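Structure record follows, encoded as structure tokens.
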Amino acid sequence: MALLKPELYGVREGSRLAEDPEWEDVVPIAHQEPEGALAAIAYPEEYAEAMAYLRAVMKAKEHSPRCLRLTEHIINMNPAHYTVWLYRAANVFALNLSIPDEIAWLNGVALRNLKNYQIWHHRHLLVEHYYPQLSLQGPSAIAEFAASEQSFLRDILAEDTKTTTSAELAAIETLLDDDVRNNSAWSHRFFLVFSNPAHSTPGLAASEPDPKVPQEIVDREVAYAMAKIRLAPQSQSGWNYLRGVLVKAGRKLATVEGFTNEFVKGLGEDGEGEDVRSTHALDLLAEIYAERGDKDKADLALRRLGEKWDRIRVGYWEWRRKGLEIGAEA
């Protein structure tokens, strides 16, 4: 970064743009919310000001070093802003700037923002623009550039792997603490835990048992799922995660029967004796009963789901009951 030209690259410091003599000829275009907007966005003041100047120079179709620096200033605040990235590329090409310099700057941004998709599109545009020039320099120049790209990819994959094993799992736990029903967070947690190369078998599908996964990790994930399910028993996400953990570990569903029974009392009893706090628990119990060959109890669980506890899906539960009959005949 130190070798890059300071008039083109570098974090902006100092006064607001409105107080910067370099920008005194530009009339910023502020964002206007529609009248009566139900959810007006409260942008930070510095970001709102930078975007107002960006709108002005984009409207004027200006391409200049100050515009390039402005895009870097905005990207530092919001690296996911697709329009800013496109405008930055337009400036790089219009000013005929060094593509290797821009890629060197981009590498630093990419390593600080591993989950940012825009950096890859920007890189694609740069390479696409640079290749015709590079090809004129011969095969050795192409090979040298390819080697530098491969080196960068190794660096970012190594950094991404570090994130996966520690900080990313912590971030997922924060998301689930905020919203235990966040199905995407549950899915990503499963990926992080059971695709970790340190303790998983490469190439196995998510639904395939993996004997390489340590039992202490399985126990930890079962306990984690149970704790979250108790917070929201009627959220399907935690139950699906629990099933997935048991399948991945090669454990019988019956190993969590005691836990599942916490949410189902008096199944099949007349009057008010039957109490189901989670239809997902009752569904899992039906599978547990079927797993050990108790067809009558499995049928009862599915029938009560259709009759009382999940009547909107009665057709589905009846289909499941027919599946029990087919299984018994087979």
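The values are calculated or read from the model by the stated rules, or taken from the named source; none is laboratory data. Source: prediction; values computed, not measured. Because the Cβ atoms are built from the backbone with ideal geometry, glycine has one as well, and the counts that use them run over all protein chains shown. SASA here: full protein model, heavy atoms, side chains in, ligands and nucleic acids out. Shrake-Rupley method; radii C 1.70, N 1.55, O 1.52, S 1.80 Å.
What's the angle, to the nearest 10 degrees (0 to 90), between helix 139-165's Cα axis and the longest principal axis of the chain? The two axes meet at around 40 degrees.
What does the helix-only formula give at 222 nm for the chain: each DSSP H stretch with n ≥ 4 adding -39500 (n - 2.57), the total divided by the residues, and the result rounded to the nearest 500 deg cm²/dmol? Working shown, then result.
Working: 14 runs with 198 residues, N = 330.
The helix-only estimate for the chain comes to -19500 deg cm²/dmol at 222 nm.
The heavy atoms of Asp294 offer some 50 square angstrom of accessible surface to a 1.4 angstrom probe. Of the chymotrypsin sites (Phe, Trp or Tyr not before Pro) found in segment 68-105, not one falls in a DSSP loop while having at most 11 other beta-carbon atoms within 10 Å.
When only the Cβ of Lys, Arg, Asp and Glu is charged (+1, +1, -1, -1), the dipole of the chain relative to its Cα centre reaches about 740 debye.
Approximating the spin labels as points 7 Å out from Cα along Cα→Cβ, the Lys5-to-Val247 distance works out to 5.7 nm. With the convex hull of the Cα atoms taken as the outline of segment 201-241, the averaged projected area works out to 3.2 nm².
Can you give the charge dipole size of segment 166-251 about its Cα centre, rounded to the nearest 20 debye, using +1 on the beta carbon of Lys and Arg and -1 on the beta carbon of Asp and Glu? Intermediate results must be reported in sequence, preceding the final value.
Numbers: 9 positive and 10 negative charges, 58 e Å.
Around 280 debye, computed over segment 166-251.
Of the residues Arg12, Arg220, Arg311, ranked by 1.4 Å probe accessible area with the largest first, the sequence reads Arg311, Arg220, Arg12.
For Asp155 and Asp20, compute 0.36 nm times the residue count separating them, minus their Cα-Cα distance, and round to one decimal in nm. Intermediate results must be reported in sequence, preceding the final value.
Values: separation 135, 0.36 × 135 = 48.60 nm, distance 3.76 nm.
Here the segment from Asp155 to Asp20 would lengthen by 44.8 nm.
With one equal scatterer per alpha carbon and no solvent term, the Debye-computed log10 I(q)/I(0) for segment 166-251 at 0.18, 0.22, 0.23 1/Å reads -0.73, -1.08, -1.17.
Which listed residue (Ala185, Leu153, Gln215) has the Cα farthest towards the positive end of the charge dipole for the chain, taking +1 on Lys and Arg C-beta and -1 on Asp and Glu C-beta about the Cα centre? The residue sitting most towards the positive pole is Gln215. Taken about its Cα centre, segment 2-159 carries a charge dipole of about 440 debye when Lys and Arg each add +1 at the Cβ and Asp and Glu each add -1 at the Cβ.
Quick one: if the Förster radius is 25 Å, what FRET efficiency do Gln133 and Leu111 give, using the C-beta to C-beta distance and rounding to 0.05? Walk me through the numbers before you get to the answer.
On the way: r = 26 Å, r/R0 = 1.03.
Between Gln133 and Leu111 the formula returns 0.45.
Residue separation of Glu307 and Ala206 scaled by 0.36 nm, minus their Cα-Cα distance, works out to 33.0 nm of gained length.
Scaling the Cα radius of gyration of segment 255-330 by the globular reference 2.2 N^0.38 Å produces a ratio of 1.04.
Pairs Lys5/Lys115; Lys115/Lys228; Lys5/Lys162; Lys228/Lys265; Lys115/Lys248: which are spaced more than 23 Å apart, C-alpha to C-alpha?
On the way: Lys5/Lys115 27 Å; Lys115/Lys228 27 Å; Lys5/Lys162 32 Å; Lys228/Lys265 20 Å; Lys115/Lys248 27 Å.
Distance filter (> 23 Å) returns Lys5/Lys115; Lys115/Lys228; Lys5/Lys162; Lys115/Lys248.
Computed from Cα positions, the angle between helix 279-291 and the longest principal axis of the chain comes to roughly 60 degrees. Approximating the spin labels as points 7 Å out from Cα along Cα→Cβ, the Ala141-to-Arg277 distance works out to 7.1 nm.
Note on the chain: Rg/Rh from Cα positions, Kirkwood definition for Rh, rounded to two decimals, is 1.14. For the chain, the longest principal axis of the C-alpha atoms and the axis of helix 65-77 are separated by about 20°. Note on Arg181 and His124: the model spin-label points, each 7 Å out from Cα along the C-beta direction, lie 3.5 nm apart.
Would you be so kind as to identify which of Leu86, Thr255, Ala104 lies farthest towards the positive end of the dipole of the chain, taking Lys and Arg as +1 and Asp and Glu as -1 on Cβ and the Cα centre as origin? Most positive-ward Cα: Thr255. Between Leu176, Leu134, Leu246, the residue with the greatest mean-square fluctuation in the GNM of the chain (Cα pairs under 10 Å linked by springs) is Leu134. When the Cα positions of Gly138, Pro21, His73 are compared along the charge dipole of segment 2-159, Gly138 comes out farthest toward the positive end, with charges on each C-beta of Lys, Arg, Asp and Glu. For segment 233-301, GluC sites (Glu not before Pro) are listed when DSSP marks them as loop and at most 13 other Cβ atoms sit within 10 Å of their Cβ; the list is Glu269, Glu272. Among the trypsin sites (Lys or Arg not before Pro) found in segment 145-201, those both in a DSSP coil and sparsely packed, with 15 or fewer other Cβ atoms within 10 Å of their Cβ, are Arg181. Where the alpha-carbon atoms of segment 2-159 are placed on the principal axes, they occupy 58, 33, 27 Å, in descending order. With a 10 Å cut-off between alpha carbons and a GNM built on the chain, which of Val180, Val222, Val27 moves the most? Greatest mean-square fluctuation among the candidates belongs to Val27.
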